[in-house]
Amino acid sequence: MKTKVISYGALSKEQLLDQFRRCSIQWNAFAEQLLFSTDCTVSHLNHSLLVTEITVEALGLKQGGTLEQIWQQARLAGLAECPLEAAFHCRFYYDDQPEEILLDEVKNQHPPGALVIYSKPISKDETVPKGLYLRKIKGELWIRGYRCSSDYVWSARDTFLFQVNASSLA
């Protein structure tokens, strides 16, 4: 599993968007909606956490799974959700993300090559974004919010980013 240490905090929501602009990072309306929701709190202190990339299949879901099934398997593997604030900062640490070339536009499914950052969904309402993913599109780095229903089945090859639980390192 690939792991990285992610530092986050000490930026207001507006400063975070300014940093995205300075780094030429794009975002969609769902990402902005999540950032400015009252459920996304920002810390005035610096924090760090260890994150790891893992496919849905590697979590034991060979036929794919729903977000709830993925979360259950991740917990069994000693992984934890990323704080929503930290999820935004992940974009700065994955600037070498490979770009998947799509021959046809992908609709109503997770785009190949995207890295989903698992954070606790802020609402069960299907019209509210569930989380964020990182993607490189035509050479540009993106952080994008996404929506999905509770019964949406993610592919076994989809890759998620989880926090490595400190207790699982002992």
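No value in this document is a laboratory result; all are computed from the given coordinates. Bear in mind that the values here come from a model prediction, so they are computed numbers and not experimental data. Don't worry about glycine lacking a Cβ; one is built from the backbone with ideal geometry, like all the others, and counts go over all protein chains shown.
Simple spin-label estimate for THR3 and SER48 gives 1.3 nm between the two label positions (7 Å along the Cα-to-Cβ direction from each Cα).
Among LEU134, LEU61, LEU84, the largest mean-square fluctuation in a Gaussian network model of the chain (Cα springs under 10 Å) belongs to LEU61.
A simple rule links phi to the HN-Hα coupling: the Karplus curve 6.51 cos²θ - 1.76 cosθ + 1.60 with θ = phi - 60°, which for segment 77-84 gives 7, x, 9, 10, 6, 8, x, 4 Hz, with x for Gly and Pro. Using bins of 5 Å that start at zero, the share of Cα-Cα pairs per bin across segment 1-77 amounts to 3, 12, 15, 16, 19, 17, 13, 5, 0, in whole %. Rounded to the nearest 20, the Cβ-based charge dipole of segment 1-95 about its Cα centre (Lys and Arg +1, Asp and Glu -1) stands at 240 debye.
Ordering PHE92, SER7, GLN26 by the projection of their Cα atoms onto the charge dipole of the chain, which places +1 on the Cβ of Lys and Arg and -1 on the Cβ of Asp and Glu, puts SER7 at the extreme positive end.
What relative contact order, as a whole-number percentage, does the chain give when Cα pairs under 8 Å and 6 or more residues apart are counted? Don't jump to the answer; show the numbers that get you there.
Working: 308 pairs, mean separation 56.5, N = 170.
Over the chain, the number comes to 33 percent.
Annotation: amide H of ILE25 has no partner in the under-5 Å range at sequence separation 5 or more or interchain, hydrogens built in the peptide plane.
In order along segment 118-127, the phi-based Karplus estimate (6.51 cos²θ - 1.76 cosθ + 1.60, θ = phi - 60°) of 3J(HN,Hα) comes to 7, 10, 5, x, 7, 7, 7, 4, 5, 8 Hz; Gly and Pro are listed as x.
Charge dipole of the chain (Cα centre as origin; +1 on each Lys and Arg Cβ, -1 on each Asp and Glu Cβ, all else neutral): 180 debye, rounded to the nearest 20.
Going by C-beta contacts inside 10 Å, put ASP151, ASP39 in order with the fewest on the left.
On the way: ASP151 9, ASP39 12.
Ordered by Cβ neighbours within 10 Å, fewest first: ASP151, ASP39.
Remark: segment 136-149, residue by residue, has Karplus-estimated 3J(HN,Hα) of 10, 10, 6, x, 9, 7, 10, 10, 10, x, 9, 10, 7, 7 Hz, where x stands for each Gly or Pro and the curve is 6.51 cos²θ - 1.76 cosθ + 1.60 at θ = phi - 60°. Have a look at ARG75, ARG21, ARG135 and tell me which one the Gaussian network model of the chain (Cα, springs below 10 Å) gives the largest fluctuation. Greatest mean-square fluctuation among the candidates belongs to ARG21.
Take the alpha carbon gyration tensor of segment 1-160, find the square roots of its eigenvalues, order them as a ≥ b ≥ c, and report rounded if a/c is under 1.5; if not, report prolate when a/b exceeds b/c, else oblate. If you can, show how the numbers build up before the last one.
Numbers: a/c = 1.41, a/b = 1.24, b/c = 1.13.
Rounded, since a/c falls under 1.5.
When the charge dipole of the chain is built from unit charges on Cβ atoms (+1 for Lys and Arg, -1 for Asp and Glu) and taken about the Cα centre, the candidate among ASN46, LEU59, LEU161 whose Cα reaches farthest toward its positive end is ASN46.
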